[in-house]
Amino acid sequence: MSSLYSTSRVDYQGQQRTLDQLEELMVTERNPARTQEMWTKWHNISRPMAQDYARMVSISNEGARELGYPNVGDYWLSNYDMPPDQMEHEVERLWGQMQPFYEQLHCYVRTRLNARYGDAVQPATGPIRADLLGNMWAQEWGNIADIVGPTTRGGYNLTNLLQQQHYDATRMARTGERFYTSLGLAPLPDTFWERSMLVRPRDRDVVCHASAWDLDATNDVRVKMCMAINADDFQTIHHEMGHNYYQRAYQHQPFLFQDGAHDGFHEAIGDFIALNTTPDYLAQIGILRRNQIPPASADTALLMRQALDKIAFLPFAISVDQWRWRVFRGQIQPADYNTSWWQIRQHYQGIVPPGGPRPADAFDPGAKYHVANNVPYLRYFLARVLQFQFYEAACRQAGWQGALNRCTVYGNTAVGQRFNQMLEMGRSHPWPDALEAFTGTRQMDGSSMVHYFQPLMTWLETQNRGHQCGWDGMN
Ligand code: X8Z
Ligand code: ZN
């Protein structure tokens, strides 16, 4: 399953394309016949995985039972210092805090897509077509900010800026490292630069899905990814370095504690850093000119781009593991794999596949890396909530007074020191202790995310007035 995922190529416009190439094309392709073609061809690569997946489910459930868990779903959920059913409630609680935002965002995006493409492509009511959102899995929608966002003077496009200034993979990575060192953390070792793989090699197939590695629990940390020069991968390189900086910070812990406080912490570190790459910061490091910093009146547009990435992601992340928990618990049988996958996605995300219902023998979950490679996904949902808690706490420590989305703690070594205290703890304490060390609170909580996006929420509610929001199957 893993090598099928990583080595598949599909014919598109007369050429054999890899996933990373298709992903890059999806960022800017706005012709719905073409996005549908790319989408459908990629989702068809995983059809042959269905049987292997079913076999993997039964083998790994057997392993989970030998370890004393009823199934793999409960085993995964047991990783959060509380019983699995309590953790499931936590997830529902956190999603409940953000769900009204998502509904407003969905409603607004649907209206804008309908206006652009017409009823035949995107109806004004009901779910959204999954290939129109600028991302192969409709998991982050920021790439269509240019067509759904409010038009503002003084907006900027990070992808264009990086390309115009001839950024390459190393420079993207050096830029990421500079943020961490500005907080007082040590530079990455020379071996990072010698041994990391930042671009797709010409001469062999590799697993391109970005990852971060700690080879020797002392110094040999590396990133492996196939970088494109765009805003998505600017985010991703900060994300991966977050893993590496965490790994380095907890290397003095005993072996069993050399890990994140929980897996959502590991995924949140680099994303928290990337939240600080504000226009002001981009100007400080020369990506943006001072006179290009968008005025306060552009905040709606800036928040929109962030919401398309951060809020739209939440129901996607929940869907992936809701589906798997039910599969591992035997509530979804192999014959129903694909139909349940789309029921769940329609329920949480309000999206549907392009071109009508998918064939029952398709295996669309396998077209996502973490399913084909059996990597749990709840971590990314938790990370999305946590990163805003980290960010709000950091900005409070820095004494920031303005709008939360304009805060950057770049260069703030006092914040860096307290941040590092949390990182150094690794998994040596229950996670609420680690959270408290940096933020002062012991609960995961969506209210930082709510604060960040509140001005946009108000704006969206006005825009959506008179529209019938929601979709079939959401309740
Ligand atoms: O898989 C990742 C990272 C590696 S841990 C690149 N992410 C999720 C995804 O790509 O689906 C980061 C955000 C969500
Ligand atoms: Zn990660």
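The values are calculated or read from the model by the stated rules, or taken from the named source; none is laboratory data. Remember, predicted model here, so these are calculated numbers, not experimental data. Cβ coordinates were reconstructed from backbone atoms using ideal geometry, including for glycine residues, and neighbour counts include every protein chain displayed. We work out accessible area using only protein heavy atoms, side chains counted, and drop any ligands, DNA or RNA first. Shrake-Rupley method; radii C 1.70, N 1.55, O 1.52, S 1.80 Å.
Structure above, values below:
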item	result
Yes/no for Asp81 being charged (D, E, K, R), open to solvent by less than 30 Å² (accessible area, probe 1.4 Å) and at pLDDT 95 or above	no
Failed item, numbered, when Gln343 is tested on (1) outside any helix (DSSP H, G or I); (2) in contact (Cβ under 8 Å) with a residue 40 or more places away in the chain; (3) surrounded by fewer than 17 Cβ atoms within 10 Å (Cβ to Cβ)	(1)
Any helices (runs of 4 or more DSSP H) falling wholly within region 1-110 and containing at least 1 residues that are of a type in the set (Asp, Glu)	19-28, 32-44, 50-66, 72-77
Long-range neighbours under 6 Å by Cβ, at least six apart or interchain, first residue of a type in the set (Phe, Trp, Tyr) within region 162-184, second not in a loop (DSSP other than H, G, I, E, B)	Phe179/Ile273; Tyr180/Tyr245
Hey, Gly446 more than 27 Å from Ser182 (Cβ to Cβ), crowded, with 19+ Cβ neighbours inside 10 Å, at pLDDT 95 or above and touching a helix residue (DSSP H, G or I) at 6+ places or on another chain (Cβ under 6 Å) or not	yes
Long-range neighbours under 9 Å by Cβ, at least six apart or interchain, first residue within 11 Å of Ala54 (Cβ to Cβ) and without any contact (Cβ under 8 Å) to a residue 12 or more places away in the chain within region 310-337, second basic (Lys, Arg) and open to solvent by 10 Å² or more (accessible area, probe 1.4 Å)	Ile332/Arg326
In region 246-264, the residues that are in a helix (DSSP H, G or I), under 11 Å from Gly426 (Cβ atoms) and within 16 Å of ligand 1 (Cβ to nearest atom)	Tyr246, Gln247
Filtered residue count, region 442-470, keeping only those that are in contact (Cβ under 8 Å) with a residue 40 or more places away in the chain, under 24 Å from the mean Cα position of the chain (by Cα) and part of a loop (DSSP other than H, G, I, E, B)	4
Val385 being surrounded by 16 or more Cβ atoms within 10 Å (Cβ to Cβ), in contact (Cβ under 8 Å) with a residue 60 or more places away in the chain and over 30 Å from Phe419 (Cα atoms)	no
Residue identified as in contact with a Ser or Thr (Cβ under 7 Å, 6 or more places away or on another chain) and within 16 Å of ligand 2 (Cβ to nearest atom) among Ala173, Ala210	Ala210
Test result for Ser211, among the small types (Gly, Ala, Ser) and open to solvent by 60 Å² or more (accessible area, probe 1.4 Å)	no
Yes/no for Gly330 being surrounded by fewer than 18 Cβ atoms within 10 Å (Cβ to Cβ), away from ligand 1 (no atom under 16 Å from the Cβ), within 20 Å of Tyr75 (Cβ to Cβ) and among the small types (Gly, Ala, Ser)	yes
Pairs, first over 11 Å from Arg30 (Cα atoms) and assigned to a helix (DSSP H, G or I) in region 135-146, second open to solvent by 10 Å² or more (accessible area, probe 1.4 Å) and near ligand 1 (Cβ under 10 Å from one of its atoms), C-beta under 8 Å, six or more apart	Gly142/Asp232; Gly142/Asp309
Residue within region 161-173 that is of a type in the set (Val, Ile, Thr) and modelled with pLDDT of 95 or more present	yes
Of the criteria (1) among the acidic types (Asp, Glu); (2) away from ligand 1 (no atom under 16 Å from the Cβ); (3) within 22 Å of His166 (Cα to Cα), which one Asp203 fails	(3)
Failed condition for Ala283, given (1) in contact (Cβ under 8 Å) with a residue 40 or more places away in the chain; (2) over 21 Å from the mean Cα position of the chain (by Cα)	(1)
Qualifying residue in region 32-51 (condition: at pLDDT 95 or above, open to solvent by 60 Å² or more (accessible area, probe 1.4 Å) and in contact with a strand residue (DSSP E or B) (Cβ under 7 Å, 6 or more places away or on another chain))	yes
From the options Asp271, Asp233, Asp220, Asp259, residue that is within 17 Å of Thr159 (Cβ to Cβ) and either open to solvent by less than 10 Å² (accessible area, probe 1.4 Å) or in contact (Cβ under 8 Å) with a residue 24 or more places away in the chain (or both)	Asp233
Residue ID - farthest from ligand 1 (Cβ to nearest atom), chosen from residues in region 366-382 that are touching a His at 6+ places or on another chain (Cβ under 8 Å) and over 17 Å from Pro84 (Cα atoms)	Ala367
Unmet requirement for Pro315, which otherwise passes all of (1) over 13 Å from Tyr102 (Cβ atoms); (2) buried (at least 21 other Cβ atoms within 10 Å of the Cβ); (3) within 19 Å of the chain's Cα centre (by Cα)	(1)
Output for region 365-409, where each listed residue is of a type outside the set (A, V, I, L, M) and part of a loop (DSSP other than H, G, I, E, B)	Lys368, Asn373, Asn374, Pro376, Tyr377, Gly399, Trp400, Gln401, Gly402, Cys407, Thr408
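This table checks each residue for (1) closer than 19 Å to Lys310 by Cα; (2) open to solvent by 10 Å² or more (accessible area, probe 1.4 Å).
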| residue | (1), (2) |
| --- | --- |
| Gln389 | yes, yes |
| Gln397 | no, yes |
| Val415 | no, no |
| Met422 | no, no |
| Gln454 | yes, yes |
| Gln463 | no, yes |
